[in-house]
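Following: one structure in structure tokens, then a few remarks.
The values are calculated or read from the model by the stated rules, or taken from the named source; none is laboratory data. From a predicted model like this one, the values you see are computed outputs, not experimental measurements. Here the Cβ positions follow ideal geometry from the backbone for every residue, glycine too, while neighbour counts run over all protein chains shown. Quick note on the areas: whole protein, heavy atoms, side chains included, nothing else; ligands and nucleic acids left out. Shrake-Rupley method; radii C 1.70, N 1.55, O 1.52, S 1.80 Å.
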Amino acid sequence: MAFSGATKRSGSLGTILYSNLLNSGCASQSQKSCGLTNAITSVGTISDIGLRLLPNLSFHGVRVQCINIGGGKGEIPDNKCLQISFQHIHGIGRSRSRQILNKLSIENKLARELTGRELYALREELNNYMCAHELNNQVSKDISRLMAIQCYRGIRHSQGLPCRGQRTHTNARTLKGKAIPVVGKKKA
């Protein structure tokens, strides 16, 4: 991520915020009337200023614009409605996102307008569903189980061929890879 690279180079979020304020001209040495230089020196207000400025900051062209759901579920974009932004989590589609919002009785608003209580309730509700990394791990375990017992689907997975009955004479290029021309075969 670009954020971690900026943090390694500058030191901390407070340093980044302070350098960003210096670049904007607000916290220069000659302008003590701004008030932000005094606020940056105390640790408690660095986090407050960071929370206010972080959505507007850009670190080398990359804007911070996602909300971390937590619990390994991933991030959702904060500039979209909740119903659409839940679909960015692997394993949650349109109907599941509608179901979650109805169950928690949360209106379909922008994700950045969530309160802390609503965000906590969403985290707790998402823990009831298998999605993101849990779902990927479960699918890979199922495929490895099929390959271990050497059933038809497992054999097709291990050979890199489609396992749901699709034709392979002319298609299935995604799984089989790029076609290799055979020497001496004429095109009809």
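Taking the stretch 79-126 as the range and being surrounded by 17 or more Cβ atoms within 10 Å (Cβ to Cβ), of a type in the set (A, V, I, L, M) and touching a strand residue (DSSP E or B) at 6+ places or on another chain (Cβ under 8 Å) as the test, the residues that pass are 82, 89, 111, 114. Selection of the stretch 86-102 for residues being assigned to a loop (DSSP other than H, G, I, E, B) and touching a helix residue (DSSP H, G or I) at 6+ places or on another chain (Cβ under 7 Å) yields 90, 91, 92, 93.
Mind checking which residues of the stretch 127-173 are closer than 30 Å to residue 112 by Cα and open to solvent by less than 70 Å² (accessible area, probe 1.4 Å)? Matches in the stretch 127-173: 129, 131, 132, 135.
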